[in-house]
Amino acid sequence: MELEHSNHIRLDSPSDCGKGNPTEDVEEVGEREGYLLDQNAARNQGWQTASDGHTILIPQPSSSPHDPLNWSTFKKHVILIIVSCTAFLPDYGSATGAITLLPQSKEWHMSQNHVNHSQVGNVFMLGAGGVFVVALSAYFGRYPVLFWFMVIALATAIWCAGAQSFESFMAARILNGFFSTATQGGGLMYVKDMFYLHEHARKINIWSAFIVLSPYMGPLLAAFIINTQIWQWAFGVYSIETGLCLIAIILFVDETFYDRRAPDPDIIRSGSRWRRMLGIHQMQTGYIRNSFMDAVMRPVVMICKPPVFISTLYYLLTFAWVIGINTTLSIFLTPEYKFGPKQIGFFYFTPVVAAILGEITGHWLHDIIAVMAARRNQGRLEPEARLTATWISTPFMVAGLILLGFALERHYHYMLAALGWGCYVFGIMITTVAINAYVLDSYPEASGEVAAWINFGRSTGGFIVSYFMVEWAQKQGAIRQFGTMTGIIGFAFLMVLGLQYFGKRMRLWAGPAKFKTV
């Protein structure tokens, strides 16, 4: 199903277009009736197709070379990798703070729990910031919001490294959480702008892999850094990573929003790239037709759609334990296995490897599921079919949490604990792609908004559990704690079953977003 479009689409000749060129939007029809993927199953033969000659391009590109759908494969993937690396930063920086708690508490003569308040504020802002990102992007444009948010993210990251007091550090952490989440909260906008529907799952898989890896890479590297250096260097490295991403954004990224319904869609390319980066060109040309109130209301409209709300709640209940385990695992590992910072750092290789395996598996899994679902449905892919992947990922998450709980409380070998943790992370990786692909296919005209709410659910779950995970672990023990997590994931899976059965009816009842711009 992954057929690179590149510059090799088949454009119908004028004569072909005259007798068969479709008059209705293939994406709009697909959202309502299911996406028709194969030209051989279509009655209308006027659709533009991929280089294989039969995969229908959804959405249909314009004939302009300025259309991001028509950009070269290389340019698209450079931007995708930069967006993914930038999405890696928020959770990486957040989790770095979890490792520096001990030296900070000693330096500022505070309890670790008190210093952890900066962590909680940062986690909450990771979710809240994404909602603001997509609203502002709908008014100012994708590129200027990305650029200015990352400028402030770099400044606040440097502030974290140089903070001389807890109050200063906490303020920097909260602001950094808000501004660093530009592509974590709105990453699906770029996937939707540059790639076709048959490419979405694999591109989301790449972007999601960076997000899922990040909360583990932060502690992994920070543990090694503070083993030999002062804690400020952990945030110094984070500042350097943020700066590199900002440089890449300045050099290689461009405005990906392209309004094919506008009278003159190519006007966005009439100015210089630096003017698009600063947002000057978008404002002077009036290219983005949303009023400020339109932009602000877009996220509100989307969270009122039942499929988006249920998906957000499902992801909140499923992903929260990623943050929870990160918060509490050292409490068990240190006394049980006598692990120091270096050993804990090595232990974090487990989720990193598991996330990579999940990315590799998802590279084929999600497309195979889509193809099989379309064949069973007269060639049409319903968005709800994307959720079938959770039938595979949920057993891994459940088994992983149960094994991890028993290993920690019953003093099993640490490799069994690592195996349990790895199974859970592998399942989370598959689940993340499935839920993002589902909401994107359900509401393609609201790619940024649905991404922001899924990200909000993920971060809010982590924000909530951060308050009670440590005390919960100490009072009830690992088996009961992880058993409860497993039960909540099982309950959340019932939501997926509900979406698969009632999702299409809910989508049709709630109607499309009907935004001025997509």
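Every number here is computed from the coordinates shown, using simple stated rules; none is lab data. Small disclaimer: the values here were computed from a predicted structure and weren't measured. Every residue, glycine as well, gets a Cβ built from its backbone with ideal geometry; the counts of neighbours run over all protein chains shown.
Compute the length gained on full extension between Met415 and Ser72: take 0.36 nm times their separation in residues and subtract their Cα-Cα distance, giving the result in nm to one decimal.
Length gained, Met415 through Ser72: 119.0 nm.
Determine the relative contact order of the range 385-518: mean sequence separation of Cα pairs under 8 Å and six or more apart, normalised by residue count, in whole percent.
Across the range 385-518, relative contact order equals 35 percent.
With charges only on Cβ, +1 for K and R and -1 for D and E, what is the dipole size of the chain about its Cα centre, in debye, rounded to 20?
520
Let me have the relative contact order for the range 68-510, percent, based on Cα pairs under 8 Å that are six or more residues apart.
24
If I take R0 = 22 Å and measure r between the Cβ atoms of Arg375 and Ser51 in this structure, what FRET efficiency does the formula 1/(1 + (r/R0)^6) give, to the nearest 0.05?
The computed FRET efficiency comes out at 0.50.
Determine by what factor the alpha-carbon radius of gyration of the chain differs from 2.2 N^0.38 Å, reporting the quotient.
0.97
Kirkwood Rh over Cα pairs of the range 168-276 into Stokes-Einstein at 10 °C, 1.306 mPa s: D in µm²/s?
Using the Kirkwood radius from Cα pairs, D works out to 93 µm²/s.
Which of His66, His200 has the fewest other C-beta atoms within 10 Å, and how do the rest follow up to the most?
The order, fewest Cβ neighbours first, is His66, His200.
Taking only Cα atoms, what is the 0 to 90° angle, nearest 10, from helix 166-179's long axis to the longest principal axis of the chain?
So the helix axis and the longest Cα principal axis differ by about 20 degrees.
Label point 7 Å out from Gln474 along Cα-to-Cβ: which residues of the range 109-152 have amide N under 17 Å?
110-117
What do you get for trypsin sites (Lys or Arg not before Pro) in the range 313-379 restricted to DSSP loop and a cutoff of at most 12 other Cβ within 10 Å of the site's Cβ?
Lys338
Tell me which aspartates and glutamates have Cα within less than 15 Å of Lys338's Cα, excluding those fewer than 8 residues away on the same chain?
Glu409
Rounded to the nearest 500 deg cm²/dmol, what is the calculated helix-only ellipticity per residue at 222 nm for the chain, with -39500 (n - 2.57) per DSSP H run of length n ≥ 4?
Value at 222 nm, helices only, nearest 500: -25000 deg cm²/dmol.
Loop-only check: which trypsin sites (Lys or Arg not before Pro) in the range 238-319 are DSSP coil with at most 15 other Cβ within 10 angstrom?
Here the trypsin sites (Lys or Arg not before Pro) that fit, given the DSSP loop and packing criteria, are Arg260, Arg261, Arg289.
Which of the residue pairs Lys75/Lys514; Lys192/Lys516; Lys192/Lys514 have a Cα-Cα distance greater than 20 Å in the structure shown?
Long pairs (Cα-Cα over 20 Å): Lys75/Lys514.
Highest mean first, what order results for 353-362, 189-198 on Cβ atoms within 10 Å?
Top of the packing list down: 189-198, 353-362.
Assuming R0 = 41 Å, can you tell me the calculated FRET efficiency for the pair Thr484 and Ile152, based on Cβ-Cβ distance, to the nearest 0.05?
The calculated FRET efficiency here is 0.60.
Could you order peptides 175-186, 98-109 by the average number of other Cβ atoms within 10 Å of their residues, highest first?
Descending mean neighbour count gives 175-186, 98-109.
Please give, to one decimal in nm, the separation of the simple spin-label points placed at Ser165 and His109, each 7 Å out from Cα toward the Cβ.
Once both label points are built, they end up 1.4 nm from each other.
Starting from 0.36 nm per residue, how many nanometres of slack lie between Ile230 and Leu313 once their C-alpha separation is accounted for?
This chain segment gains 26.0 nm when fully extended.
Can you give the direction-averaged projected area of the convex hull of the alpha-carbon atoms in the range 374-506, in nm²?
9.3
Arg273 to Lys514: extension gain in nm, 0.36 nm per residue of separation minus the Cα-Cα distance?
Working it through step by step, the gained length comes to 83.8 nm.
Can you sort Thr517, Thr256, Thr242 by how many other beta carbons sit within 10 Å, fewest first?
With the sparsest Cβ surroundings first, the list reads Thr517, Thr256, Thr242.
Going highest first, how would you order 295-303, 114-122 by mean Cβ packing within 10 Å?
Highest-to-lowest ranking by the protection proxy: 114-122, 295-303.
In terms of modelled amide H atoms, which long-range or inter-chain residues lie less than 5 Å from the amide H of Leu381?
Tyr35, Leu36, Leu37
Where does helix 306-337 land angle-wise versus the long Cα axis of the chain, in degrees 0 to 90, nearest 10?
Once rounded, one gets 30 degrees.
Helix 197-228 sits at what angle to the longest principal axis of the chain, using alpha carbons and giving 0 to 90 degrees rounded to 10?
20
Would you work out which of Leu494, Ala370, Leu401 lies farthest towards the positive end of the dipole of the range 368-503, given +1 charges on the beta-carbon of Lys and Arg and -1 on that of Asp and Glu, about the Cα centre?
Leu401
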